[in-house]
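Notes follow once the structure below has been shown.
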Amino acid sequence: MWKYRCKTQLITLALAFVCGALMVGIVLYADPTYATLEFLPPEVAAYAQGNKIAMCASGGLVVAGIANIILIGQLLMTQFQISPLFIYLFLFLMPSYLVLIGSALVIPMAVLSIVGIVQLKTGRDAAFRKARITGDAELVRIYELHHKLDPQYRPMAEECRHNASRAAWIYALGIVAVMCVLFFVNNILLMMLAIMAYMLIFNYIARYRASCMIPITKLLYEQCDPEACISAIVYYSTRNGKIRLTNQALMAQCLIYLNDPQLAQDVLITYPRKDAASVLTYWFLMSYVYYLLKDESGLERSYEEAQKVRLNFGHTGVMIRSEELNSIKNRLDLMNGDFSECKRYFLQSLKTAVFPFQKADADYYIGLISFVQQDYSLAAMYFNQVVQTGGKLYFVQNARDYLEKIEQLNVVQEQEELQASLPCPADDNAQVQ
């Protein structure tokens, strides 16, 4: 998971170093009287006056060290499921030691981030070569061989991207504000409170940025229109004529509901698995891909990898993980022909479904299992519900085909019953004699 954070970490450290160096430079070069250095010991103040460049570098290193401590704390929380309370406790108990440790680890962290970026890019390039594609633009080109992008969703996608960019700028300004507080405020308690407030605000901004995709997500979840959803995602991901796909999980889900599992698998090559939740989402989607590809070994591997994930969300995390594992296990049961257990699972899913696409999914598989069990009246009922609520999901056409088969079977059955009810010709001859 750490490799997917390397680029962000490297950019954060670089910006923090530049901000720290600029702030120290402003103090040293904009104040010819050096009045702002009176709080320093005379020896340190004299050294600062004669070695401005070194002091600017030192200031940048200190600010980068503070940012590095925050990054390390985030890595520990996601990698080892450590509670944020322990991070806050260490910040309050030993702030000066943590700043020294963070500053000492700036260069190792930067080197590690560069190594992670190179390894991630190498792995992605190898996966692209194996899939015989060159990148995101190639994925969109392949998609357009069978589907068309709908330009009516371009304005909505651009508005969503504008809101997400605004959230990113607010986040960047928040970093600058925290750096200013850290540099100009001498009270350690206020500094720690500023860092805590920033981390809380960061979570809020992250949720706001995620909510910017809700209008696009609704195209699949509520309107059951995966083609429209992919069109919006592609327009959202296009800037200056260049395509860099974002929200690969949603796009892969749309491709699954268009019955294109191979392309969905290719899209997930660039899906960033930054934390436990994203890793669980990845294996959940891959399990559906493997099911559609009839790859039982891949489906079993998805279940094994998903079992290793631990979500640090308390009771909610346990419930989410349990639901995802049950879903993957159900696909294994479905592939192995355990229809009774699968039917109970889908009936329960139908009761708890929130969005129309979830209901259509459950309706389809209940109808399919009922058809296999030769309960044609029940199968027809659920297939009709799929046709009514499924929108443009691929199994709507499958449901129509099954309804036609059921209708043909009913006609044949009626003919057989009619023939059985007619008197036998031999009996008629006997009655005449």
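Each label point was placed 7 Å from the Cα along the Cα-to-Cβ direction; for Ile201 and Ser322 their separation is 3.9 nm.
These residues, Arg273, Arg132, Arg400, go from largest to smallest accessible area, 1.4 Å probe, as Arg132, Arg400, Arg273.
The slack between Ile117 and Ala57, meaning 0.36 nm per residue of separation minus the straight C-alpha distance, is 19.1 nm. Taking every protein chain into account, the 1.4 Å probe leaves Glu222 with about 90 Å² of accessible area, to the nearest ten. Ordering Arg310, Arg154, Arg124 by accessible surface, largest first, gives Arg310, Arg154, Arg124; the 1.4 Å probe counts only protein heavy atoms, with every chain in place. Value of Rg to Rh for the stretch 276-418, rounded to two decimals, is 1.05; Kirkwood radius and Rg both from alpha-carbon coordinates.
Here Thr122 sits with roughly 80 square angstrom of accessible surface, probe radius 1.4 Å. Measuring against 19 Å, Cα to Cα, the residue pairs Lys218/Lys294; Lys308/Lys329; Lys308/Lys343; Lys7/Lys308 contain Lys218/Lys294; Lys308/Lys343; Lys7/Lys308 as the ones spanning a longer distance.
For the pair the stretch 397-412 / the stretch 293-350, the C-alpha centres are spaced 30 Å from each other. The label point for Leu145 and the one for Asp333, both projected 7 Å from the Cα toward the Cβ, are 3.8 nm apart. With a 1.4 Å probe rolled over the protein heavy atoms of all chains, the accessible area of Thr8, Thr246 falls in the order Thr8, Thr246, largest first. Loop-resident chymotrypsin sites (Phe, Trp or Tyr not before Pro) (DSSP state other than H, G, I, E or B) in the stretch 292-354 with no more than 16 further Cβ atoms inside 10 Å of their Cβ: Phe313.
Here the convex hull built on the C-alpha positions of the stretch 184-342 has a volume of 160 cubic angstrom per residue.
The values are calculated or read from the model by the stated rules, or taken from the named source; none is laboratory data. Remember, predicted model here, so these are calculated numbers, not experimental data. Glycine also receives a Cβ, built like all others from the backbone with ideal geometry; neighbour counts cover every protein chain displayed. Only protein heavy atoms, including side chains, enter the accessible area calculation; ligands, DNA and RNA are left aside. Shrake-Rupley method; radii C 1.70, N 1.55, O 1.52, S 1.80 Å.
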